[in-house]
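The structure appears right after this line, and notes come after that.
The values are calculated or read from the model by the stated rules, or taken from the named source; none is laboratory data. The structure displayed is predicted, hence computed values, not measured ones. Methodologically, a virtual Cβ is constructed for each residue, glycine included, from the backbone with ideal geometry; neighbour enumeration extends over all protein chains shown.
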Amino acid sequence: MNQPIATAKDSDADTNEAIANDIVSRVRSVVQTSDFVALHEPNLGDIEQRYVADCVASGWVSSVGKYVDQFEQDLARYTGSKFAVATVNGTAALHVSLLLAGVERDDEVICPALSFVATANAISYCGAIPHFVDTEYRTLGMDAGKLATYLSEITSVDGDRLINRVTGRRISAIVPMHTLGHSVDMQALQATATTFGLPIVEDAAESLGTFCNGQHTGTFGVAGALSFNGNKIMTTGGGGAILTNDEATAARAKHLTTTAKQPHPWRYVHDEIAFNYRMPNLNAAMGCAQLERFPDFRERKQSLANRYRSQFANSQSANFVDQWEGESSNFWLNAILLARTPNSPLSRRDTVLQKTNEAGLMTRPMWELLSDLPIYSTCPRSDLAVSRDIAERTVCLPSSVGLVPPAR
Ligand SMILES: *Cc1c(COP(=O)(O)O)cnc(C)c1O
């Protein structure tokens with residue numbers, strides 16, 4: 001998927017406008033409404049109301065309660081992870097996942113430049129430094145082959161430590177991110193990680209319901225982080241979860257996301273500085289309801305992706321960002337990759353963004369490359385040509401579950 005398509009002949013303003021208008025009409029046909037269409041809205045119904053009301057009535061609205069336990073069990077069952085630990089948000093889940101993988105102050109952590117800022121922020125919370133690497137067109141995720149070549153060029157091994165020879169710092173983990181819900185090629189990445197002895201922590205914030213060669217994203221490494229923010233495929237208002245297959249890691253995740261209190265009937269003895277990141281029962285009540293409905297959500301996302309795929313199948317100016325052969329995607333956020341232009345890709349992309357938003361069809365670009373943000377401008381990075389090209393030509397399209405009627 002996502003191979004660059006033929007270069008368009010002309011990039012002047014008229015051409016850009018014509019292309020943008022064509023895209024507006026294709027997206028209009030997909031969404032099947034003339035109303036304003038949001039980028040991604042939560043889908044909440046009777047079950048959510050019932051569980052949340054029950055939670056309020058029970059008085060157990062805070063960090064202990066039956067819904068948190070239930071939600072964790074349901075998540076583990078759905079993802080096939082042995083354990084799930086619910087947190088206040090996805091960023092917190094990622095922060096603790098990095099600690100679980102052994103990331104320490106002054107380490108460098110490999111992550112994609114093409115990601116949401118939370119990926120790099122969580123690394124910073126550990127006192128570590130994001131080290132930005134490139135993405136591949138095929139998956140929109142970390143390019144495992146290019147990473148292996150890069151690491152062999154810049155690192156040396158010191159005992160069991162992998163050292164960046166340029167900065168002298170230890171590289172201690174790899175954080176792939178499953179962009180827009182599309183899986184990284186995890187088998188390829190695992191091979192690279194094994195070669196260099198690095199643990200994997202997955203940023204699976206966007207990929208609940210996405211499988212890579214039959215295995216749920218977020219379950220390949222030491223730990224994986226999910227998000228249930230309001231814009232994700234399902235929501236708990238705010239929330240996240242840590243997935244892990246290792247019992248000791250799960251116990252430590254629980255310890256660090258609460259207050260690291262030693263079990264005792266009345267004494268307050270805390271054996272670590274922990275984070276109080278636990279998901280409240282009130283949010284978990286909504287999560288239980290959303291997870292019950294999740295198979296339906298996922299099917300509706302597939303239908304919406306099918307509509308976009310066929311609408312853009314004969315477009316000369318944009319390719320639908322489709323799943324690759326090894327994954328079964330949740331299609332969290334549908335997107336198109338605009339054709340290359342001889343001159344300014346940004347002016348074409350921005351014309352498309354402007355026209356679609358003016359037409360009441362909410363669209364968004366990808367993120368600015370994290371390596372370009374002033375807060376991360378001094379961080380180490382590899383060549384990022386593909387990340388930059390994708391960021392400059394991608395437009396994210398309305399993708400709410402509610403755009404497709406329920407199956408029954
Ligand atoms: C949403 C998101 C997060 C953070 O999740 P929150 O629940 O908002 O903290 C992290 N990484 C990526 C890629 C995301 O899209």
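A few remarks follow.
- Scan of the range 173-200 for residues that are within 19 Å of residue 333 (Cβ to Cβ) and in contact with a Leu (Cβ under 6 Å, 6 or more places away or on another chain), ordered by number: 176, 179, 180, 182
Residues are listed down the side, and each one gets a yes or a no for (1) crowded, with 17+ Cβ neighbours inside 10 Å; (2) in contact (Cβ under 8 Å) with a residue 40 or more places away in the chain; (3) of a type outside the set (Gly, Ala, Ser); (4) part of a helix (DSSP H, G or I):
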site: 346; (1), (2), (3), (4): no, yes, yes, yes
site: 350; (1), (2), (3), (4): no, no, yes, yes
site: 355; (1), (2), (3), (4): yes, yes, yes, yes
site: 368; (1), (2), (3), (4): no, no, yes, no
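- Filtering the range 214-245 to residues that are more than 12 Å from the chain's Cα centre (by Cα) and more than 28 Å from residue 191 (Cα to Cα) leaves 230, 234, 235, 236, 237, 238, 239.
- Among (1) within 16 Å of the ligand (Cβ to nearest atom); (2) of a type outside the set (Phe, Trp, Tyr); (3) assigned to a helix (DSSP H, G or I) - the single one residue 41 does not satisfy: (3)
- Criterion (among the small types (Gly, Ala, Ser), surrounded by fewer than 20 Cβ atoms within 10 Å (Cβ to Cβ), away from the ligand (no atom under 16 Å from the Cβ) and under 24 Å from residue 248 (Cα atoms)) met by exactly one of 59, 102: 102
- Filter pass, residue 287 being within 16 Å of the ligand (Cβ to nearest atom), part of a loop (DSSP other than H, G, I, E, B) and either without any contact (Cβ under 8 Å) to a residue 12 or more places away in the chain or among the small types (Gly, Ala, Ser) (or both): no
- There is no residue in the range 172-179 that is more than 15 Å from the ligand (Cβ to nearest atom), without any contact (Cβ under 8 Å) to a residue 24 or more places away in the chain and on the phi < 0 side of the Ramachandran plot.
- Verdict on residue 398 being touching a residue at least 40 places away in the same chain (Cβ under 8 Å) and either surrounded by fewer than 16 Cβ atoms within 10 Å (Cβ to Cβ) or in a strand (DSSP E or B) (or both): no
- A single member of 52, 64 is part of a helix (DSSP H, G or I) and among the aliphatic types (A, V, I, L, M), and it is 52.
- Residue match in the range 108-126 (condition: more than 16 Å from the ligand (Cβ to nearest atom) and either touching a residue at least 60 places away in the same chain (Cβ under 8 Å) or assigned to a strand (DSSP E or B) (or both)): yes
- Qualifying residues in the range 131-153 (those that are assigned to a helix (DSSP H, G or I) and touching a residue at least 60 places away in the same chain (Cβ under 8 Å)) - the one nearest to residue 110 (Cα to Cα): 147
- The one condition from (1) out of contact with any helix residue (DSSP H, G or I) (no Cβ under 6 Å at 6 or more places or on another chain); (2) part of a loop (DSSP other than H, G, I, E, B); (3) surrounded by 23 or more Cβ atoms within 10 Å (Cβ to Cβ) that residue 387 does not meet is (2).
- For residue 138, the criteria (1) closer than 20 Å to residue 207 by Cα; (2) surrounded by 24 or more Cβ atoms within 10 Å (Cβ to Cβ); (3) over 16 Å from the mean Cα position of the chain (by Cα) hold in every case but one, which is (2).
- Single match in 250, 225 (criterion: closer than 13 Å to residue 91 by Cα and either crowded, with 18+ Cβ neighbours inside 10 Å or in the same structural domain as residue 302 (by TED's automatic domain parsing) (or both)): 225
- The single condition among (1) over 24 Å from the mean Cα position of the chain (by Cα); (2) closer than 29 Å to residue 186 by Cβ; (3) of a type in the set (A, V, I, L, M, F, W, C) that residue 336 does not satisfy is (1).
- Enumeration of residues in the range 308-344 that are assigned to a helix (DSSP H, G or I) and either in contact with a Lys or Arg (Cβ under 7 Å, 6 or more places away or on another chain) or buried (at least 20 other Cβ atoms within 10 Å of the Cβ) (or both): 308, 311, 312
- Residue in the range 232-261 that is nearest to the ligand (Cβ to nearest atom), counting only those that are among the hydroxyl-bearing types (Ser, Thr, Tyr) and within 19 Å of residue 81 (Cα to Cα): 257
- Residue that is nearest to the ligand (Cβ to nearest atom) [pool: residues in the range 207-222 that are hydroxyl-bearing (Ser, Thr, Tyr), surrounded by 24 or more Cβ atoms within 10 Å (Cβ to Cβ) and touching a residue at least 60 places away in the same chain (Cβ under 8 Å)]: 207
- Filtered by the rule that a residue be closer than 27 Å to residue 149 by Cα and either hydroxyl-bearing (Ser, Thr, Tyr) or within 12 Å of the ligand (Cβ to nearest atom) (or both), the range 185-206 gives 192, 194, 195, 201, 202, 203, 204.
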